[in-house]
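Below you'll find the structure, written out as structure tokens, and then a few comments.
Read the figures in this text as sums done on the coordinates, not as results from a lab. Given the structure is predicted, the values throughout are model-derived calculations rather than measurements. Cβ atoms come from the backbone with ideal geometry, glycine included; neighbour counts cover every protein chain shown.
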Amino acid sequence: MEAKQYIGEGWKHAILIIGAIVVMLPFYMMVSMSLKSQQEIQSISGGLIGAQETQTFPVCVKTGYSEETCTMKPYQYNYWFAFEKAPIPRYLMNGVIVTLSIFIIQVLVALPCAYALAKLRFYGREFVFSMVLFCLLIPVHGIALPLYVMLAQAGLVDTYSALILPWTISVFGIFLMRQFFMTVPDELIDAARMDGMGEYAIVWKVMLPTAIPALLAFAIFSVVAHWNDYFWPRMVITGNRDLFTPPLGIREFRGGIDSDEFGPMMASIVTVTVPLIVAFIIAQKRFIEGITLTGMK
Amino acid sequence: MGTISLKNISKSFGSTQVLNNLNVDINDGEFLTLVGPSGCGKSTLLRIIAGLEQQTSGDVLIDNKNVNRVRASERDLAMVFQSYALYPHLTVRRNLETPLRLRDYNAFERLPLIGNFSPSKKEKTESINQLVNKTSETLKISELLDRKPGQLSGGQRQRVALGRAMVREPVAFLMDEPLSNLDAALRVHMRSELSELHNSLKTTFVYVTHDQAEALTMSSRMAVMIDGNLLQLDTPQEVYDNPSSLSVAQFVGSPKINIFKGTADSGGTVGFLNVNLKRKSSESNTDLHIGIRPEHLEITNESNENTFSGTVAYRENLGSDIFFHVNIEDGSNKIIVRGLPQFTHQISNGSSVNIKRVSDKALLFNEAGMRVQFTNA
């Protein structure tokens, strides 16, 4: 490569690095604040991890712990107090239960539906598909109130069902999988029929394995959206703390008698975010593997 | 047994008529080729036999049983597709096993994990393994069993697709242009392999192709279809020698048959260019198309009332034969003449040649394209 090309590449990288910094900065702040003491956070000093001086934390004492228990290093305090104050493992488990249930049911609904829309010929197919597209245009917030009223009438407010049921039919999932299934050759389905498979067997044994890359893409969308969702759980979980999802849990650290204590708050946010990031990194690797797997010609 | 009868089959997609009242009887153990140009409905007909497509009217009978309302999976037919349609996520072994698993295991045994507790499953698995091993040995794909389709070459995928059709020992094989994705040399090789396979299996083959050479070389009978109509159903030799219509004559044979415009006079004497045929046409006082195949014309030094002349426009050397594309003197026709290399190698583009007809080989067709016979006199 010549020097000129290096400069060209350098520009590209410089711009990308700036973009990366802009995206990463909030995460840096989050991690940094979860390690520092309240004074360091408020005076914006101490760099990434702060001085880590052992000290006694007044909010902790005010909550009713002995001074001895409340004396430790800031990073220990932040994470310990976050878990002390709110049942974070419980919230995380709720998050897992809710997002996984939503995703599994979404797949159970979307795959047969997308298969029918992409590969079966029946009267009214175009109409049904246009309704799917139409539903894509409806914002969730527009129908939130009627949905809430319906759940309330059914006595489902403050249950897992309220968190899961409204999301089980994902028109986006149907649309995405339908578009992917359109690219699967008809001959493959005909071959499966000749081999003796029924239509449901074709969906689960032929279409599902070929659709893994698309399904992973959908999984990322679905899981991230519902793991991070604050709006809907806030509506339907009114009092029962046992049903709080992680974003609702973080709210526990806002305001109150002890004012805003950023250290433990950021510590809880880190714990809530880490599973998603780990899941994404794993999925990303499988994602690329999945693309190379489909050696269909 | 493996007889298939098609009775008055018609198929239309919306207002487009694709198949027009077809009647075909396929005998047990026969290699029947459905041949025709693209879009003639031959693949649709095959899909109707398979049960993947429903005919608009008419009946399909397999072993004299009406299967109009029987689903594809229950007709006990196997199909080989143009794109092979192997399951991309399964190994070759699993690809071959799939039709057997679906046939032999019951619903419970097919369940993952708990299906293994079924007492009869082990026995069935063993018989499946044996069948798969036997088939893969026949097709010489034993060493490929653990690969995925993506890691195979075109020819290997072709064999696996054949194997997946064979393991089940169906009443008939349906093949939809299985060789058209292969390169030329492999295609010729696979032709002979398929013929051998047919001889050893003695099962009915229904084979769809647009390549008339495949139809001529492999089939016991061929059905020529054009525009949704069955024009002729006969042995390859008979179709070649004795086409029922002008379209069949033009479709079958490579290079294409030469067509001359001519007339029959009141006595039935057929004349074209400056040549008169010896035999008389059964239709008189009419315009005719006279068809003569390239191998029934030869380049000659003679010049008499049986020859005509032209200029060589293009010379196509195939090694064993040379085909001369000749513009006839009156400018009406461009014809193709076969020459043997040892006699004609010195003829080059642009030279003028005399062409002689081999007697008794002309075919007559009337204006409507139907065959006109010679009188026996």
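Here are some notes:
- When the Cα positions of B:L111, B:T217, B:H89 are compared along the charge dipole of chain B, B:L111 comes out farthest toward the positive end, with charges on each C-beta of Lys, Arg, Asp and Glu.
- In terms of other Cβ atoms within 10 Å, B:T204, A:T63, B:T3 run from fewest to most in the order A:T63, B:T3, B:T204.
- Nearest-20 debye value, the protein assembly as shown charge dipole, Cβ charges on Lys, Arg, Asp, Glu: 580
- Largest GNM mean-square fluctuation across B:L139, B:L152, B:L318, computed for chain B with C-alpha springs under 10 Å, falls on B:L318.
- Here the range A:3-85 has an Rg and Dmax of 19.5, 66 Å, counting Cα atoms alone.
- Equivalent ellipsoid semi-axes - Cα gyration tensor, the range B:208-307, angstrom: 29, 17, 10
- Here is the list for the range A:80-163: trypsin sites (Lys or Arg not before Pro) lying in DSSP coil, each with at most 11 other C-beta atoms within 10 angstrom of its C-beta, are A:R121.
- Each Cα pair of the range B:256-372 feeds into the Kirkwood radius, which the Stokes-Einstein equation turns, at 20 °C and 1.002 mPa s, into a diffusion coefficient of 147 µm²/s.
- Counting DSSP beta bridges with both ends in the protein assembly as shown, the antiparallel % (nearest 5): 80
- Computed 3J(HN,Hα) for the range B:276-283, one whole-Hz value per residue from the Karplus formula 6.51 cos²θ - 1.76 cosθ + 1.60 where θ = phi - 60°, is 10, 7, 6, 7, 9, 7, 6, 10, glycine and proline marked x.
- Exceeding the 23 Å Cα-Cα cut-off - candidates A:K36/A:K85; A:K36/A:K285; B:K261/B:K361; A:K119/B:K124; B:K42/B:K256; B:K124/B:K202: A:K36/A:K285; A:K119/B:K124; B:K124/B:K202
- Inverse of mean 1/r across different Cα pairs in chain B, Kirkwood, Å: 23.7
- Pairs of Cα atoms nearer than 8 Å and 6+ residues apart set the relative contact order; for the range B:210-250 it is 30 percent.
- The range A:88-252, relative contact order in percent, only Cα pairs under 8 angstrom and at least six apart counted: 42
- Ranking of B:V337, B:V208 by count of other Cβ atoms within 10 Å, fewest first: B:V337, B:V208
- No disulfide-compatible partner, judged by a Cβ distance under 4.7 Å, exists for the following cysteines of chain A: A:C113, A:C135.
- As a proxy for reagent exposure, A:F127, B:F205 were ordered by neighbouring Cβ count within 10 angstrom, fewest first; the result is A:F127, B:F205.
- Helical mean residue ellipticity (222 nm; -39500 (n - 2.57) per DSSP H run of 4+; nearest 500) of chain B: -7500 deg cm²/dmol
- Shielding value for B:68-81 is 3, the average number of Cβ atoms from other chains within 10 Å of each residue's Cβ.
- Radius 12 Å from Cβ of B:H210, net charge of other residues (Lys, Arg +1; Asp, Glu -1): -3
- Environment charge at B:L340 (Cβ cut-off 11 Å; Lys +1, Arg +1, Asp -1, Glu -1): -2
- Lys/Arg +1, Asp/Glu -1 at C-beta; the range B:256-372 dipole; positive extreme among B:N304, B:G268, B:F343: B:F343
- Total charge dipole magnitude, chain B, about the Cα centre, Cβ charges on Lys, Arg, Asp, Glu only, Debye to nearest 20: 1160
- Restriction of the chymotrypsin sites (Phe, Trp or Tyr not before Pro) in the range B:108-201 to DSSP coil positions whose beta-carbon has at most 12 other beta-carbons within 10 angstrom yields B:F108.
- Hull-based mean projected area of chain A, where the convex hull spans the alpha carbons, in square nanometres: 23.1
- Expected-Rg normalisation [2.2 N^0.38 Å, Cα atoms] applied to the protein assembly as shown: 1.44
- Taking other residues whose beta carbon is less than 12 angstrom from the beta carbon of B:P99, and scoring Lys, Arg as +1 and Asp, Glu as -1, yields +1.
- Under 5 Å from the amide H of B:F31 lie the amide H atoms of B:F205, B:S220, B:R221, each residue being 5 or more positions distant or on a separate chain, with H modelled from the backbone and absent for Pro and chain starts.
- log₁₀ of I(q)/I(0) at q = 0.13, 0.14, 0.17, 0.19 Å⁻¹ - the range A:120-223, Debye sum with one point per alpha carbon: -0.66, -0.75, -0.97, -1.08
- Sequence-ordered 3J(HN,Hα) estimates for the range A:138-144 from the Karplus curve with 6.51, -1.76 and 1.60 and θ = phi - 60° stand at 7, x, 4, 5, x, 10, 4 Hz, glycine and proline given as x.
- Mean shadow area of the range B:107-233, taken as a quarter of the surface of its Cα convex hull (nm²): 10.4
- Measuring r between the beta carbons of B:D63 and A:Q284 and using R0 = 51 Å, the FRET efficiency lands at 0.40.
- Only Lys, Arg (+1) and Asp, Glu (-1) charged, at Cβ; the range B:131-194 dipole about Cα centre in debye: 100
- Considering helices alone, the calculated mean residue ellipticity of chain A at 222 nm is -22000 deg cm²/dmol, with DSSP H runs of length four and up weighted by -39500 (n - 2.57) and normalised per residue.
- With the simple model of a label 7 Å out from the Cα in the direction of the Cβ, A:Y200 to B:E123 spans 2.8 nm.
- Estimated FRET transfer efficiency when R0 is 45 angstrom, pair B:T217-A:E126 (beta carbons, to 0.05): 0.50
- GNM top mover of B:S127, B:S320, B:S359 - chain B, alpha-carbon springs below 10 Å: B:S320
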